[in-house]
Structure formats: structure tokens, C-alpha cells
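S.K.: This is the structure I have questions about; it appears just below.
Values quoted throughout were computed directly from the atomic coordinates according to the rules given, and no laboratory measurement underlies them. Everything numeric here is computed off the predicted structure, so don't read it as measured data. Note that we place each Cβ from the backbone using ideal geometry, even for glycine, and neighbour counts take in every protein chain shown.
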Amino acid sequence: MLLILSLLYLVRGGIHAALTAPLFPRDTPTLNLSSSACTCPDQRAIWDILWSCLSTMFACSWVAVHPNIPAPGATWWRVALSRLELMIWAIITPEMMILWAMRQWFGA
């Protein structure tokens, strides 16, 4: 999983942060409405921000979930689907993961 994310990062050319502006500028720049789209190569696009957020959430939830040891006859795709289900639950409702862990601890 980490290998796939690393390859995607390298293919996309890395993620570059936007330039910071001063908090209280001395001169207020005028708004130029003549151009319809901004062609700022040093700033992050919405897709870059969404990609970094979603990949971070996916990687963190995939690593954080520790499911039980699968049954001896379970196929690899069934194990992957159950782990994917737990990962989705961890993203949508993290409280359910805590309740799931408490239930397992009380059952042990």
C-alpha cells in the first residue's frame, strides 16, 4: 500500500505548498477581473488538496485498523473486503471502532 502511494506521489510530481501572503499587507492589491482563470503555477489546485487529504485519510485508516486473524479457509479478496469495510467504518464513524474494540475486550 505504501509502495503504491509512493509511486503515485512520484508520478504526480510531488505536492507543492502555496505561497504565503503577509497577514496585514501594507498595500491592498487591486482586483483584476480581466482574466477569467488564474494561471498560477506555484499554487495548489483543489484536486491537489483533495488528493492529499483523501490519500492521508485512506493510509491512516488502513494502517490503524487491526482486524482479527482471518479464518484458515478465507480467500485473500474476502480478507481485503472485510478490512476495507472496517476502514470505511473508521472513516465515517470512528466512535464505532472504539465500541468494536471495547466489545472485543469485554468478550476476551
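S.K.: How long is the gain from MET102 to ALA80 if the chain were fully straight, where each residue apart is worth 0.36 nm and the alpha carbon distance is subtracted?
M.R.: 5.6 nm
S.K.: Ranking request for peptides 43-55, 71-83: highest mean number of other beta-carbon atoms within 10 Å first, then the rest in descending order.
M.R.: Ranking the peptides 43-55, 71-83 by packing returns 43-55, 71-83.
S.K.: What FRET efficiency comes out for the pair GLU95/CYS53, r = Cβ-Cβ distance, R0 = 30 Å, nearest 0.05?
M.R.: 0.90
S.K.: I would also like to ask the following. Give me the net charge for the shell around TRP100: Cβ to Cβ below 15 angstrom, other residues only, Lys and Arg +1, Asp and Glu -1.
M.R.: Once positives and negatives cancel, what remains is 0.
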